[in-house]
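Some notes on the structure that comes next.
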Amino acid sequence: MNPPSDHLSSTFAPEWLSLREEADAEARSTAPLDPLRVHLTGRGSRADRPPLRIADLGCGTGSQGRWLAPRLPGPQSWSLYDLDSNLLDLAGAFMPVTGADGSEVGARMYRRDLRSLTARDLAEVDLVTGSALLDLLSFDEVAALTRAVTGADGAALFTLSVTGRVELFPSDPADAAVNSAFNDHQRRRGALGPDAVVVMTELFERSGYRVSTFPSPWRLCPERVPLTLAWLSGRVEAAVEMEPGRVPGDYLHRRLAQCERGELGAVVHHTDLLALPPRGPEVR
């Protein structure tokens, strides 16, 4: 679950980001890593190749960097972007210092609203990445981001974008109404919500990029009770805010009680997107 698009210019609670980090790490697909490594190591001979330049957009506490940097070989120079200076401090403090082969990893933090980023900011970047980000953006923002990546002839890896699909076990008659209302809430103020990956895929492909998408589902309760309780509460509150008449008054109480008793299972579907420039090996 992600906040609505107007939260792009506000802050995320560190407690929420910490609560979801382990589930995020387990959910992210490892399938894009091999084609991404092949692309990135083909930038020149090892002797003259500069450090890999990576921009992490909306980095939060840095979970994407903590997951990805140790999986990439060679020296890396990360630029971490977020609007919240406290989150940036946490991201910088806990950024890995070595990559997959022991090469040095460095990071610089930039306090920026993502909507103020321009193509010039990403012009020298080899890889643009972000986690739980795309669904917060509008069409214009996704289009501008895509143009910036393609203009730099860079690669992109965006993980954990919501698809709008959630499975709860056992099912409840109100599940469909809650899901529909929550997805509409995600699309408020022009945000793409669960449509973001489809839109970005089309935009990259128009530029000749090779795009692959990979499932990256969260698997929550009964294994992750605290995260599931927080996720359920936020999800139902958003649905009620959007369409108060469609959500039964006792729905949240019943679902929370099931979770606390270990009787509820939840799968929250996400998609990871890898986009590579036209040259290079095929993505499989």
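For segment 72-118, the relative contact order comes to 52 percent (Cα pairs under 8 Å, sequence separation of at least 6). Sequence-ordered 3J(HN,Hα) estimates for segment 65-81 from the Karplus curve with 6.51, -1.76 and 1.60 and θ = phi - 60° stand at x, 5, 7, 8, 4, x, 9, 10, x, x, x, 9, 10, 9, 10, 9, 10 Hz, glycine and proline given as x. Scalar couplings 3J(HN,Hα) for segment 214-231, obtained by applying the Karplus form with A = 6.51, B = -1.76, C = 1.60 to θ = phi - 60°, are 9, x, 9, x, 6, 10, 9, 3, x, 6, 10, 5, x, 5, 5, 4, 5, 4 Hz; x denotes Gly and Pro. Considering all alpha-carbon pairs of the chain, what whole percent are spaced by more than 28 angstrom? Within the chain, distances greater than 28 Å cover 36 percent of Cα pairs.
Over the chain, with every protein chain in place, what whole percent of the accessible area is carbon and sulfur at 1.4 Å, could you tell me? Here it works out to 51 percent. A convex hull fitted to the Cα coordinates of segment 165-242 yields 109 cubic angstrom per residue. Seen from residue 134, the other residues with C-beta closer than 11 Å to its C-beta sum to a net charge of -4, counting Lys and Arg as +1 and Asp and Glu as -1. Hydrodynamic radius of segment 104-245 by the Kirkwood approach over all distinct alpha-carbon pairs: 17.1 Å. Taking the C-alpha atoms only, the angle from helix 196-206 to the longest principal axis of the chain is near 30 degrees. The residues of the chain expose, per residue, 44 Å² of accessible area to a 1.4 Å probe.
The values are calculated or read from the model by the stated rules, or taken from the named source; none is laboratory data. These figures come from a predicted structure and were not determined experimentally. Virtual Cβ from ideal backbone geometry, glycine too; neighbours counted across all protein chains shown. Each accessible area value is taken on the protein alone, full model and side chains, heavy atoms only, with ligands, DNA and RNA left out. Shrake-Rupley method; radii C 1.70, N 1.55, O 1.52, S 1.80 Å.
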